[in-house]
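This report concerns only the one structure given below.
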Amino acid sequence: MFGITRADKVLILVLIAIAALVWLTTRSTGTSASTEAVVERAGKEVLRLALSRPGLYRVPLPRGEAVVEISGGRVRMLPMPRDICPQGICSETGWISSPPQVIVCLPNLLTVHLIGTGEVDALVK
C-alpha cells in the first residue's frame, strides 16, 4: 500500500548523512589539550587541572581527603573510606572526559566538572 519512493530514499540518506556529521562533530570537539577539570568544595574552586597533565591530586576535606586522578585526557575520583563518603557515588561515576560531565560527592560538597578553556563556565555563573 505504501511503498518507498525515490524521494523517500534520498530523504533517508540525507538524514543519515546529517546525523553522521553531527556525531563526528561532537566526537571531534570532545577532550582536547585545552580541557580542564575544575574541582570545587562548597561552591568554591580549590583546584583547576589541565587534562593534559596526568597525576594524582589531593583535595583536603573536613574528615580526610579526596584524590582526583587524571590520566589519558580524562578525570575520576578515587574511592574514599565509607566514613568520609558513605555511598561512594562519586567514585562509582568513573571517568569523565568532556564538558559538561560532572562528578558529585554530595556528603563532602565536592564537585569535579570539565570546561574547555575559552568557554564560559555556565555551571558557576
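Some points to look at:
- Note on the chain: with charges restricted to the Cβ of Lys and Arg (+1) and Asp and Glu (-1), its dipole about the Cα centre is near 140 debye.
- Linear extension gain, Glu92 paired with Trp23, 0.36 nm per residue minus alpha-carbon span: 22.2 nm
- Proximal charge balance of Pro81 [Cβ under 15 Å; K/R count +1, D/E count -1]: 0
- Neighbours of Leu61, meaning other residues whose beta-carbon lies under 15 angstrom from its beta-carbon, give a summed charge of +2 when Lys and Arg score +1 and Asp and Glu score -1.
- Cysteines without a disulfide-compatible neighbour (Cβ-Cβ under 4.7 Å), the chain: Cys85
- Relative contact order for segment 34-83, counting Cα pairs under 8 Å that sit 6 or more residues apart, in percent: 26 percent
- Taking the convex hull of Cα positions in the chain, its mean projected area over all directions (nm²): 11.5 nm²
- Cleavage-rule hits, chymotrypsin sites (Phe, Trp or Tyr not before Pro), segment 1-97, DSSP coil, Cβ neighbours within 10 Å at most 12: Phe2
- Rel. contact order, % - alpha carbon contacts under 8 angstrom, at least six apart, the chain: 22 percent
- Signed unit charges on C-beta, dipole axis of the chain, positive-most listed residue Ile96, Leu49, Ile4: Ile4
- Computed from the C-beta positions of Arg82 and Ser52, the FRET efficiency with R₀ = 35 Å rounds to 0.60.
A short reminder: the numbers here are calculations on the coordinates, not readings from a lab. In this text, all values refer to a predicted model and were calculated from it rather than measured experimentally. Methodologically, a virtual Cβ is constructed for each residue, glycine included, from the backbone with ideal geometry; neighbour enumeration extends over all protein chains shown.
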